[in-house]
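Colleague: Below you'll find the structure I mean.
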Amino acid sequence: MIRLWNLLSDETYIVTLSSVGLGLDSRVSSVAFNPLQRFLAAGTEDGSIAMWRFVGKYQHCLLYTSPSPR
C-alpha cells in the first residue's frame, strides 16, 4: 500500500499493489512521482515495478506492471 498526503488540503490517497495484480506479500522498496505528467512508480523488493497515472483529481489507473526479473 502506498499512501499519498496532500499537505495543502490535508487529504490522503491510497493505492495498493494488489490493485495492479501484485501479491499481498509484495513490499515496496522505492517510489517516484512525476508531478508534471502525474505518474507514480513503485519498485518492490522482488524487482517488480508498478506504475499509475493519476487522472482528474482523485482517480488513478494502472499503466504497467513488470514481472520480477527472476
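Colleague: Karplus couplings for the range 42-52 from phi (6.51 cos²θ - 1.76 cosθ + 1.60, θ = phi - 60°), rounded to Hz, Gly and Pro as x?
Modeller: Each residue's phi maps through the Karplus curve to give 10, x, 9, 5, 8, x, 7, 10, 10, 10, 10 Hz.
Colleague: Follow-up question, since we're still on this one. Any chance you could run the full-extension gain for residue 55 through residue 13? It's 0.36 nm times the residue separation minus the Cα-Cα distance, nm to one decimal.
Modeller: Residue separation times 0.36 nm, minus the Cα-Cα distance, leaves 13.8 nm.
Colleague: Let me ask something else. Using label points projected 7 Å from each Cα along Cα→Cβ, tell me how many nm separate residue 32 and residue 46, to one decimal.
Modeller: It works out to 2.3 nm between the two label points.
Colleague: Determine ³J(HN,Hα), in whole Hz, for all residues of the range 11-22 in sequence, where each value follows from phi through the Karplus function 6.51 cos²θ - 1.76 cosθ + 1.60 and θ = phi - 60°; x replaces Gly and Pro.
Modeller: Ordered by residue, 3J(HN,Hα) equals 9, 10, 10, 10, 10, 10, 5, 5, 5, 10, x, 8 Hz.
Colleague: Which net charge results for the neighbourhood of residue 22, defined as the other residues with beta-carbon distances under 13 angstrom from its beta-carbon, given Lys and Arg at +1 and Asp and Glu at -1?
Modeller: Net charge in that neighbourhood comes out at -2.
Read-outs throughout are calculated quantities, based only on the coordinates presented, and are distinct from any laboratory measurement. Because the structure is a prediction, the values reported are computed rather than measured. In this analysis, Cβ positions are derived from the backbone assuming ideal geometry, glycine residues included, and neighbour counts consider all displayed protein chains.
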